[in-house]
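The values are calculated or read from the model by the stated rules, or taken from the named source; none is laboratory data. Worth saying up front: this structure is predicted, and the values here are computed from it rather than measured. Cβ placement follows ideal geometry from the backbone for every residue including glycine, while neighbour counts extend to all protein chains displayed.
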């Protein structure tokens, strides 16, 4: 489970920015919007964090920073030098920051153990990497490395006695542009698997710029039980689909790939194209099939979401969605949030979303510690801050207050003249 994520010097983020899922002492909606962790330091975590802000304020950049961290944890040992350099995207609007490393750090709660893992890097190398493990209130520093630029050498702190295995072998095998975590995992380190597995299996990121990949949803449609759940989800959202049929036909497949700092890449290959029909039943019982051209973007968006959404709810994963409300009715967005908050069907799933849907700013739906705002300061650097900084009253009209500018994070609009 995600506890906190921090990013420094990445794209529009200059100073350290932190998104926290730690629940405040507020008891509002605790039974639904929070879950008990059985960990004394963080007794409750919230199930969702909703981020608001103007266009180009940097909401997406926090998500991209998490994505870069995920990419490096999973792939750092396999990246070419050019691919590694492309990961480095510092804040470029002041000379000092543009030459400084990017830093990311995450705190996770996995099976009752708290892990605090982070690293910093630039276009040439990993500058620091560390892991603190909290089996109790006192941290165990399992490993830490740093690059000494004056001596042009890496300095490793002594490994913790609690961290066992072929530590020296893993250390010697770690290249300057690779993470020790990734290297050790590839060399069969069991103790670091919970962290690696969280990044590779329990983190689902859907970026707003890209077309949602339908593969996770299509992959499981052959399972009748899974298809039934998707149909129930669509129909519960007042989308009257009685069946979904997938046929495969030969054709050229296409994928539009978005990566920060790189031009849009169009990938094509010959293969089998999934042809999806949404089946509707008329009053006379006749079944009519419509292909995707005749279904609304909202229906297709919810269909695409359904795979990752069910996966997160079934297995307690973190679902991160940029521009969550795109093509979705506000009541549908609200409905999905309630599903994720429902402890009877959502097994410790968490969601971090960005949105412009102000109707979600409702004390009957969200706790005050679930709402976050993003805006840029005078230096055009992103600042992320929680609603709780403003100490709003319990039943304050949050939507009205936000639109009136009480919490900031609004676009500054001026008169336009031809």
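Is there any pair linking a residue in the stretch 267-287 that is part of a loop (DSSP other than H, G, I, E, B) to one that is surrounded by 10 or more Cβ atoms within 10 Å (Cβ to Cβ), with Cβ under 9 Å and at least six apart or on different chains, and which?
From the stretch 267-287, the pairs are 282/288.
Might you check whether a residue that is under 24 Å from the mean Cα position of the chain (by Cα) and either within 28 Å of residue 36 (Cβ to Cβ) or not assigned by TED's automatic domain parsing to the domain that holds residue 3 (or both) occurs anywhere in the stretch 84-91?
Going through the stretch 84-91, the residues under 24 Å from the mean Cα position of the chain (by Cα) turn out to be 84-91.
Next cut, either within 28 Å of residue 36 (Cβ to Cβ) or not assigned by TED's automatic domain parsing to the domain that holds residue 3 (or both) only: none.
Within the stretch 84-91 (the criterion being under 24 Å from the mean Cα position of the chain (by Cα) and either within 28 Å of residue 36 (Cβ to Cβ) or not assigned by TED's automatic domain parsing to the domain that holds residue 3 (or both)), the answer is no, since none of the residues qualifies.
Tell me, please, whether a residue that is modelled with pLDDT under 85 and farther than 25 Å from residue 342 by Cβ can be found in the stretch 298-308.
no
Could you name every one of the strands (runs of 3 or more DSSP E) located completely within the stretch 30-89 that has at least 1 residues being in contact with a helix residue (DSSP H, G or I) (Cβ under 7 Å, 6 or more places away or on another chain) and over 30 Å from residue 413 (Cβ atoms)? Step through it out loud before you land on a result.
Numbers: elements: 34-36, 44-46, 48-53.
Result: 44-46.
Go through (1) in contact with a helix residue (DSSP H, G or I) (Cβ under 7 Å, 6 or more places away or on another chain); (2) free of Cβ contacts under 8 Å to residues at least 60 places away in the same chain one by one and return the number of the condition residue 363 breaks.
Only one criterion is unmet by residue 363, namely (2).
Can you pull out every residue in the stretch 71-85 that is crowded, with 17+ Cβ neighbours inside 10 Å and within 19 Å of residue 12 (Cα to Cα)?
Passing the criteria: none in range.
Condition first: in a loop (DSSP other than H, G, I, E, B), outside the structural domain of residue 297 (by TED's automatic domain parsing) and touching a residue at least 12 places away in the same chain (Cβ under 8 Å). Can you find one or more residues in the stretch 180-187 that meet it? So that I can check it myself, show each step before the final result.
Our first condition is that a residue be in a loop (DSSP other than H, G, I, E, B); within the stretch 180-187, this holds for 187.
Narrowing the set further to residues that are outside the structural domain of residue 297 (by TED's automatic domain parsing) leaves 187.
Applying the additional criterion that residues be touching a residue at least 12 places away in the same chain (Cβ under 8 Å) yields 187.
Scanning the stretch 180-187 turns up at least one residue that is in a loop (DSSP other than H, G, I, E, B), outside the structural domain of residue 297 (by TED's automatic domain parsing) and touching a residue at least 12 places away in the same chain (Cβ under 8 Å).
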